[in-house]
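Nothing in this text is a laboratory measurement; each read-out follows from the coordinates by a stated rule. The model shown is predicted, which means the values in this text are computed figures rather than measured ones. All Cβ positions, glycine included, derive from the backbone under ideal geometry; neighbour counts span all protein chains shown.
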Amino acid sequence: MSAHTYETAPISRVTVNGVTHAYRLFGKWSKELPPLLMINHFRSNMDHWDPLMINPLATSRQILQIDPPGTGHTKSGTVLTTFQDMADMYANVARTIGINQVDLIGFSIGSMQAQLLALNQPAGFVRRLILAGSRPSGTHPGLSNADGSMRKVLQSAEGSDAEACKHAFCHTFFPLTPEKQARAAASWDRMQAAHPNRPLYLHAEGTSNLVKAIGKFINPTEERGKSYERLGHLKIPVLVANGSKDELVPTENSYILFEKLPNARLELWPFSGHGFLDEYAESFAACVNQFLDEDLEGLKASL
């Protein structure tokens, strides 16, 4: 089976519900382990993962990455306006290409979609779940919203301007110290080198749709769009991960997820922000591999 790396994996295409989706399926095939479906952050696409984190994962399992409608390499369709619809889309694409079970990692707004995917799909479709830089739905006590100025920087960067996108990434995902900003730039440059012609951040119209979807997750009206009230239903093992000083999706939200999930582990990376999984790419990959491979009993622990 495929042993491609992130850099060499070809783009495949499949049409689901009238949209021709671009996807990559690469890494080491395993009879015992399902592919790891990865859902990425606000305005990003499947070319916005750090290869220093992806390739250690691909040595142990297959990786599945999908560009949603109107995003990245998926040129057809329109960006969806609810996270539950996005979650359904990922599951439908996976099944169409013959994948009936996944391990699942969601980062940032991808983690919010991942919660709904795990909650709304039939039991067994998601085997294990990783929520990175995450929060549950709603406006419940203790939940914290993003720093408005940081969100504006990330939201307003011109999607066709490489330097503006790099600035937005560095200044919202990493603390504003010279050392941390140097690490941010190094991570961005690794992503760029992995796929030199990669699509940059989502255009303004698609970004507007994503903002609508975020608003509906923060103030959900449909049961399928709620996660906070249903987290106790998730019996599968869940790894909650974040930086200890995340301001974009504040770290205190990760504690709430951990407390409400019945079978969870909490991991925080020190003195890091929303981009902890890029800053500590190798450490995070090792943590994910261990979580997905080990026999998990009595997982409720903070390490």
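Cα-based Rg of region 1-76 per 2.2 N^0.38 Å, rounded to two decimals? Mind showing how you got there, number by number?
On the way: Rg = 12.3 Å, N = 76, 2.2 N^0.38 = 11.4 Å.
Here the Cα radius of gyration is 1.08 times the empirical estimate.
Given a cut-off of under 8 Å on Cα pairs at least six residues apart, what relative contact order in percent is computed for the chain? Kindly include the intermediate steps, with their values, before the conclusion.
Working: 630 pairs, mean separation 61.5, N = 303.
Worked out over the chain, it gives 20 percent.
For region 150-303, calculate the relative contact order in percent as a whole number, restricting contacts to Cα pairs under 8 Å that are 6 or more residues apart. Display every interim value, and only then the final one.
Details: 178 pairs, mean separation 33.9, N = 154.
Rounded, it is 22 percent for region 150-303.
Along region 58-75 the Karplus relation, 6.51 cos²θ - 1.76 cosθ + 1.60 evaluated at θ = phi - 60°, assigns HN-Hα couplings of 5, 6, 10, 7, 7, 10, 10, 10, 9, 8, x, x, x, 10, x, 7, 8, 7 Hz to successive residues, with x for each Gly and Pro. Once you order the gyration tensor axes a ≥ b ≥ c over the Cα atoms, which shape class does region 12-302 get: rounded for a/c under 1.5, otherwise prolate or oblate by comparing a/b with b/c? Rounded is the answer for region 12-302, as its axis ratio a/c remains below 1.5. For PHE271, neighbours were defined as the other residues whose beta-carbon sits under 15 Å from its Cβ, and their charges (Lys and Arg +1, Asp and Glu -1) total -3. Summarising the amide proton neighbourhood of GLY27: residues at separation of 5 or more, or on other chains, whose placed amide H is nearer than 5 Å comprise ALA3, HIS4, ILE63.
Structure remark: mean-square fluctuation, Gaussian network model of the chain, C-alpha springs under 10 Å; the largest value among ASN40, ASN145, ASN242 belongs to ASN145. Each label point was placed 7 Å from the Cα along the Cα-to-Cβ direction; for SER283 and LYS152 their separation is 3.3 nm.
Summing Lys, Arg as +1 and Asp, Glu as -1, what charge do residues with Cβ under 11 Å from the Cβ of GLN101 carry, GLN101 excluded? Present the calculation step by step, with values, prior to reporting the outcome.
Numbers: positive: ARG95, ARG127, ARG128; negative: ASP103.
Net charge around GLN101: +2.
Summing charges over neighbours of TYR280, with a neighbour being any other residue whose Cβ is under 14 Å away from its Cβ, gives -3 when K and R count +1 and D and E count -1. Each principal axis of the Cα cloud of region 160-212 was evaluated for its coordinate range; sorted largest first, these ranges are 34, 24, 14 Å. Here the residues ILE11, ILE66, ranked from fewest to most Cβ neighbours within 10 Å of their Cβ, fall in the order ILE11, ILE66. Using a Gaussian network for the chain with springs between C-alpha atoms less than 10 Å apart, which of these wobbles most: VAL102, VAL240, VAL153? Among VAL102, VAL240, VAL153, the largest mean-square fluctuation in the Gaussian network model of the chain belongs to VAL153.
Report the full-extension gain for the segment THR59 to ALA193: residue separation times 0.36 nm, less the Cα-Cα distance, to one decimal in nm.
46.3 nm
Going by neighbour counts of Cβ atoms within 10 Å, the residues HIS140, HIS48, HIS195 line up, fewest first, as HIS140, HIS195, HIS48. Amide H to amide H distances under 5 Å link SER272 with SER244, LYS245, where only residues 5 or more positions off or on other chains count and H is placed in the peptide plane. Taking every alpha-carbon pair within region 69-163, the share separated by more than 16 Å comes to 66 percent.
What order do you get for THR5, THR251, THR172 when you list them from fewest to most C-beta neighbours inside 10 Å?
Numbers: THR5 15, THR251 20, THR172 26.
Final ranking by Cβ density, sparse to dense: THR5, THR251, THR172.
With distances taken between every two different alpha-carbon atoms, region 1-134 has a Kirkwood hydrodynamic radius of 14.6 Å.
Extension gain, ALA164 to GLU229: 0.36 nm times the residue separation minus the Cα-Cα distance gives 19.6 nm. Pairs spanning more than 24 Å between alpha-carbon atoms, out of LYS75/LYS152; LYS212/LYS235; LYS152/LYS245: LYS75/LYS152; LYS212/LYS235.
Shown is the FRET efficiency for ALA182 and ASP295, computed with R0 = 35 Å from the Cβ-Cβ distance and rounded to the nearest 0.05: 0.35. Averaging 1/r over each pair of different alpha-carbon atoms in region 189-303 and inverting the result gives 16.5 Å, the Kirkwood hydrodynamic radius. Each residue of region 6-20 is assigned a 3J(HN,Hα), and the resulting list reads 4, 5, 9, 5, x, 8, 10, 9, 8, 9, 9, 6, x, 10, 8 Hz, derived from the Karplus form 6.51 cos²θ - 1.76 cosθ + 1.60 (θ = phi - 60°), x at Gly and Pro. Pull out a ≥ b ≥ c, the square roots of the eigenvalues of the alpha-carbon gyration tensor of region 115-223, then state rounded if a/c is under 1.5, prolate if not and a/b is larger than b/c, and oblate in the remaining case. Prolate. Modelled spin-label separation between ALA204 and SER76, with each label point placed 7 Å from Cα along the Cα-to-Cβ direction: 2.8 nm.
Across ARG127, ARG95, ARG43, mean-square fluctuation computed from a Gaussian network of the chain (C-alpha pairs under 10 Å connected) peaks at ARG95. What separates the Cα centres of region 132-181 and region 189-252 is a distance of 11 Å.
Step through the residues of region 273-278 one at a time and calculate ³J(HN,Hα) from phi using the Karplus curve (6.51 cos²θ - 1.76 cosθ + 1.60, θ = phi - 60°), rounding each to whole Hz and writing x for Gly and Pro. Rounded to whole hertz, the list is x, 4, x, 4, 6, 8.
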